[in-house]
């Protein structure tokens, strides 16, 4: 039989985080299954990473309804109630599942991989007869959690969504051929899914395999940090502070606040060079031209800059924070208000690694930020180590299905 | 068989349509079973395309 093996990778577009790890997993998967052809069903800003990596973005990707635009439209000043925003996205998720369905109706794939592809996972469980290939689910958090100011109503809703997910898996265990948690059992939060529901950690241990964290790079490949710095154009003695807020436009307010802190920070740290990565959805021209301050729309292989910097200032998103943890760089992080994943799941994980200094957008005036920059820049860290074989472990579990 | 279902099937037969029952769909099948409804509409449209005028 001469039919080539084919996989369709559906990578979540909410933030840029999944793209890098998915590319790393795909690369490892091709090592294990050399004839494997991988197509990607993905949208901006993930496609930007995929194109830069030479991956094949399926042309039907152009038909996907925009998810990160919806998230942006739901955001306020450094505030994204992501559970509610997700609930209000059902028409987008359904439309995108139908695009997926059209693709797999026309073309044969041996394997579908969904990295936090919520529409795929949800509608496959609702319509298990539509499953026609091996299917792998990947995620780095399990369980919707209510924000305290959401009161009883939100607690009821998150528990209800969790209960539906638990019921889906119990009723149709054959839908997910593999469920891979990107991380380790200790990274899973201690809370329950809701009143009278299991503990998230117990349930996750029963229903997931743990790949370990997937950074998508090995810090050792950077070799000498001084060499990396000079490759990236950072001069010896410069104190480089990289500011990045992910691929969506939600981070604009934080970026402006940090840029406002630059003059005071520069007074405290005269060698400061602040490199602001605005992301593809924020215009870098909006920032002032000051000596020692620069802004870029997009930086390819940002992780190398994060590996070279003396300090990073970031949102509370998991991927960037974990890249910094793996690279053992000091960093300040600002969880988005009302973002349960950043406020509970990511905070829990970073706490386990002893990584990062948590900042509160509410109280962090430019003066507070400038002082924190001065205190943390160039400092030595004592983080728990991050494994470098996560992508290979995940790929090995996936390859078993091919 | 319920009276409602009997009537629905009779209407389908009289109009040359097809009766499709969606269990538990309530009053909003397109909300409760959106994928199924979308696929049924697609098949219906496709069946019209095949007809010669």
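What follows is calculated from the coordinates using simple rules that are stated; it is not laboratory data. Worth saying up front: this structure is predicted, and the values here are computed from it rather than measured. Backbone-built Cβ (ideal geometry, glycine too); neighbour counts: all protein chains shown.
When ranked by the protection proxy of mean other Cβ atoms within 10 Å per residue, highest first, what sequence do the peptides A:81-88, A:20-27 form?
Details: A:81-88: 18.1, A:20-27: 24.0.
Ranking, from highest mean packing down: A:20-27, A:81-88.
Ordered by the count of other Cβ atoms within 10 Å of each Cβ, fewest first, A:72, A:375 give A:375, A:72. Overall shape: prolate for region A:93-194, with the ratio a/c of the largest to smallest alpha carbon gyration tensor axis at 1.5 or above and a/b above b/c. Summarised as an ellipsoid, chain A has semi-axes of 35, 24, 20 Å, derived from the eigenvalues of the Cα gyration tensor scaled by 5 and square-rooted, with the largest first.
Going by how many other beta carbons lie within 10 Å of each one, how would you line up A:140, A:160, A:382, fewest first?
On the way: A:140 24, A:160 13, A:382 8.
Exposure proxy ranking, most exposed first: A:382, A:160, A:140.
Counting Cβ atoms of other protein chains within 10 Å of each Cβ in A:82-94 and taking the mean gives 1. Reported to the nearest whole Å, the Cα centre-to-centre distance from region A:90-156 to region A:348-400 is 28. Protection proxy ranking, highest mean first, for peptides A:293-299, A:335-341, A:108-114: A:335-341, A:108-114, A:293-299, where packing is the per-residue count of other beta-carbon atoms within 10 Å, averaged.
Using the scaling law 2.2 N^0.38 Å as the reference, what is the normalised Cα Rg of region A:219-376? Please list the in-between numbers first.
On the way: Rg = 14.5 Å, N = 158, 2.2 N^0.38 = 15.1 Å.
Compactness ratio reported: 0.96.
Kirkwood hydrodynamic radius of chain B, from the reciprocal of the average inverse Cα-Cα distance over all distinct pairs: 12.6 Å. The Cα center of region A:284-333 and the Cα center of region A:1-76 differ in position by 23 Å.
Cα-Cα pairs above 12 Å in region A:70-127: how many percent?
Numbers: 1187 of 1653 pairs.
Tail of P(r) above 12 Å: 72 percent of Cα pairs.
Partner shielding of B:28-35 amounts to 3, given as the average count of beta-carbon atoms from other chains within 10 Å of each residue beta-carbon. Taking every DSSP bridge with both residues inside the protein assembly as shown, close to 5 percent are antiparallel.
For peptide A:117-128, compute the average count of partner chain beta-carbon atoms within 10 Å of each residue's beta-carbon. Can you show the working numbers first?
Working: counts 0, 0, 1, 0, 0, 1, 2, 1, 0, 5, 5, 0.
Taking all residues of A:117-128 together, the mean is 1.
Put a dot 7 Å past the Cα of residue A:62, heading toward its Cβ, do the same for residue A:357, and the two dots end up 4.9 nm apart. Translational diffusion of region A:315-402, estimated by Stokes-Einstein from the Kirkwood radius over alpha carbon pairs at 20 °C in a medium of 1.002 mPa s, is 148 µm² per second. P(r) tail, region A:1-131: Cα-Cα pairs separated by more than 18 Å, 55% of all pairs.
With N the number of residues in region A:108-151, Rg(Cα) / (2.2 N^0.38 Å) evaluates to 1.51.
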